[in-house]
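Read through the structure below, which is laid out as structure tokens, and then see the notes.
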Amino acid sequence: QVQLQESGPGLVKPSQTLSLTCIVSGDSISSNNYYWSWIRQSAGKGLEWIGRIYTSESSNYNPSLQSRVTISLDTSKNQVSLKLTSVTAADTAVYYCAAEGRLSDAFDIWGQGTMVTVSS
Amino acid sequence: QSALTQPRSVSGSPGRSVTISCTETSSDVGGYNYVSWYQQYPGKAPKLIIYDVNKRPSGVPDRFSGSKSGNAASLTISGLQAEDEADYYCCSYGGSYTFGVYVVFGGGTKLTVL
């Protein structure tokens, strides 16, 4: 059974880069079974898709965030990483790692989420 | 602004049915029969309850059903129970020549069981 666990700093200063890691267990990120996505949710707000990666050469990003986002794979550690540059208070949110099934075309599995606050 | 529009809130009495709509408002979104729905309790991660418009993952009660007609998808919950009180989000795909494929969520609907 696939499980996802997000980790990273809970506090990031404005203008800096937010970096998070999603540790994947129960499947290899190279198995071709899932797209690996990041999704965030600001307090009291809805879900916002950030982007996804399938292979190191295949990724898609939210058009509104594309210029600041990079999602990458570390196959040696079976991890998925998120980098969001030039953060502002508007990037304060709970960040979720999610596995989008290639057969279901839906987010089958979610991590518990990690809260990131952007503040000086 | 989300390209999928949901009502901010709906309510229903125990045992009754409610339907939550999800309407595509952008020409870039739609044309895909990959609508999914998620249930989220406060402070918890979302949970998939419907995929491919009307399919239920294992373990999801058949009280939950989905449908789609034209540019509008719907989630119907029949035989409402107190535990159904949660936020519900629809999700689909958009695409453009410039940005390729991307995922879009609706703004979410808060279901209150009276």
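The values are calculated or read from the model by the stated rules, or taken from the named source; none is laboratory data. Predicted model, so just to flag it, every value in this text is computed and none were measured. Cβ coordinates were reconstructed from backbone atoms using ideal geometry, including for glycine residues, and neighbour counts include every protein chain displayed. Ligands, DNA and RNA are excluded from the accessible area calculation, which covers all protein heavy atoms including side chains. Shrake-Rupley method; radii C 1.70, N 1.55, O 1.52, S 1.80 Å.
Observations on the model:
- The protein assembly as shown, Cα convex hull volume normalised per residue, Å³: 117
- Charge dipole (Cα centre; +1 on Lys/Arg Cβ, -1 on Asp/Glu Cβ; no other charges) of the protein assembly as shown amounts to roughly 300 debye.
- For chain A, diffusion coefficient by Stokes-Einstein and Kirkwood Rh (Cα), 10 °C, 1.306 mPa s, µm²/s: 112
- Relative contact order (%) - chain A, alpha-carbon pairs under 8 angstrom, separation at least six: 36
- Phi angles across region A:42-58 convert, under the Karplus curve 6.51 cos²θ - 1.76 cosθ + 1.60 with θ = phi - 60°, into 3J(HN,Hα) values of 6, 3, x, 10, x, 7, 10, 6, 9, x, 8, 9, 10, 10, 4, 9, 10 Hz, Gly and Pro given as x.
- Considering all C-alpha pairs of region B:61-114, those separated by over 20 Å amount to 38%.
- Of the trypsin sites (Lys or Arg not before Pro) found in region B:1-89, the ones in coil according to DSSP and having at most 11 other Cβ atoms within 10 Å of their Cβ are B:Arg8.
- Measuring between alpha carbons in the structure, the pairs from B:Lys55/B:Lys110; A:Lys45/A:Lys77; A:Lys13/B:Lys110; A:Lys77/B:Lys55; A:Lys77/B:Lys44 lying more than 30 angstrom apart are A:Lys45/A:Lys77; A:Lys13/B:Lys110; A:Lys77/B:Lys55.
- Kirkwood hydrodynamic radius of chain B, Cα pairs, Å: 14.2
- Leading residue at positive end of dipole, the protein assembly as shown (Cβ point charges), from B:Pro7, B:Ser65, A:Ala99: B:Pro7
- Net dipole in debye of region A:23-120 [+1 Lys, Arg Cβ; -1 Asp, Glu Cβ; about Cα centre; nearest 20]: 240
- Using θ = phi - 60° and Karplus 6.51 cos²θ - 1.76 cosθ + 1.60, couplings along region B:59-70 (whole Hz; Gly, Pro as x): x, 8, x, 6, 5, 9, 9, x, 8, 8, 9, x
- Whole-Å distance, taken between Cα centres, linking region B:29-92 and region A:26-90: 23
- Accessible-area order (highest first, 1.4 angstrom probe) of the listed residues A:Val94, B:Val60: A:Val94, B:Val60
- 5 angstrom amide H check on A:Val87, placed H, neighbours 5+ away: A:Ser15, A:Gln16, A:Leu18
- Counting only Cβ charges, +1 for Lys and Arg and -1 for Asp and Glu, the dipole size of region B:1-111 around its Cα centre is about 120 debye.
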